[in-house]
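Scroll down for the structure; my scribbles are underneath it.
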Amino acid sequence: MVNTADQELRSTGIVVLAAGFGSRFDSSVHKLLVDLHGRPLVSWVLDAAAEVPAAAHFVVTRDASIASLSPRNFVELRNPRPQDGLASSLALALDRARAVGLGAVVVGLGDQPYIPQEAWRRVVCARTNGVAIATYAGVRANPVKLTLSVFGLLERFGDVGARSIFDRVEAVEVPCPGDPFDVDTRQDLEHVQAVERN
């Protein structure tokens, strides 16, 4: 008999959004490619997500520099119009998920390196008819699970992601380990560089 967690793993895909321009990060190197404890920042996210045996793994990019860092179980989705904002990358992933018959996706961001594999796994395995949201010490953050029933409610342009629908659908909170701190600036990078990794 298949248990609930196995059912969710078999019907849920994982999506890492990594097509942004990183315009607030003052560097000639894209923020997702900067070094964090000996590895590109985005690799921490991709490797953690890759460890969860989900139905599919997608990374949304704007060029080959990030796709080349992806673990082998990831499929690259190239956003032809990243200037249309985060919502356009999310829409691209949702369209692919629908096309391959997934029942849900769990979405995270490429600039949150301290969200561990266990957080991804807990959100993937969460049961909901709407969304499931990772929480850290009671604060909502990423990753977020979106079921097929809510795909059509999300914007396709702009920088507002799934949180725009949290108050309109069933929203299950999932307590998770880790730290959802995201790297937007050089100062943010210095902050995460000061944190020891296990």
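A few remarks follow.
- Under 14 Å, Cβ to Cβ, from residue 5 - net charge with Lys/Arg +1 and Asp/Glu -1: +2
- Highest mean packing first, where packing is the average number of other Cβ atoms within 10 Å per residue, the peptides 49-55, 169-175 line up as 49-55, 169-175.
- Mean Cβ count within 10 Å, highest first, over the residues of peptides 29-38, 103-112: 103-112, 29-38
- Calculated from backbone phi, Karplus (6.51, -1.76, 1.60) coupling profile of segment 54-70 in Hz, x at Gly/Pro: 7, 5, 7, 10, 10, 10, 9, 10, 10, 7, 6, 4, 8, 4, 5, 8, 6
- Angle between the chain longest axis and helix 86-99 axis [Cα atoms, degrees, rounded to 10]: 40 degrees
- The Cβ shell under 12 Å around residue 82 holds other residues with a net charge of 0, Lys and Arg each +1, Asp and Glu each -1.
- A simple spin-label model places the labels of residue 137 and residue 27 2.5 nm from each other, with each point 7 Å out along Cα-to-Cβ.
- ³J(HN,Hα), Karplus 6.51/-1.76/1.60, whole Hz, each residue of segment 163-169, x for Gly, Pro: 4, 5, 10, 4, 8, 10, 9
- With contributions of -39500 (n - 2.57) from each DSSP H run of at least four residues, the per-residue ellipticity at 222 nm computed over the chain stands at -7500 deg cm²/dmol.
- Close amide H partners of residue 15, meaning residues 5 or more places away or on another chain with modelled amide H under 5 Å apart, are 58, 106, 107, 108.
- Placed amide H near residue 131: partners under 5 Å, 5+ positions off or other chain: 170, 171, 172
- Taking each residue as 0.36 nm, the span from residue 4 to residue 65 lengthens on full extension beyond its C-alpha to C-alpha distance by 18.2 nm.
- Largest GNM mean-square fluctuation across 27, 43, 70, computed for the chain with C-alpha springs under 10 Å, falls on 27.
- Normalised by 2.2 N^0.38 Å, where N counts its residues, the alpha-carbon radius of gyration of segment 72-198 equals 1.08.
- Phi angles across segment 7-17 convert, under the Karplus curve 6.51 cos²θ - 1.76 cosθ + 1.60 with θ = phi - 60°, into 3J(HN,Hα) values of 4, 5, 4, 6, 10, 10, x, 10, 10, 10, 8 Hz, Gly and Pro given as x.
- The H on the amide N of residue 78, modeled in the peptide plane, is under 5 Å from the matching H of 61, each at least 5 residues off or on a different chain.
- The angle separating the long axis of helix 41-50 from the principal Cα axis of greatest extent in the chain is about 20 degrees.
- Segment 4-193: antiparallel DSSP beta bridges as a percent of all, rounded to 5: 35 percent
- Computed extension length for residue 37-residue 127: 28.9 nm, one decimal, from 0.36 nm per residue of separation with the Cα-Cα distance subtracted.
- Relative contact order [Cα under 8 Å, 6+ residues apart], segment 4-193, whole percent: 26 percent
- Taking 190, 8, 155, 118 and counting other C-beta atoms within 10 Å, the order from fewest to most: 190, 118, 155, 8
Only the coordinates and a few stated rules stand behind these numbers; no lab work does. Owing to the predicted nature of the structure, the values given are computational and were not obtained by experimental measurement. Note that each Cβ is placed from the backbone with ideal geometry, even for glycine, and that neighbours are counted across all protein chains shown.
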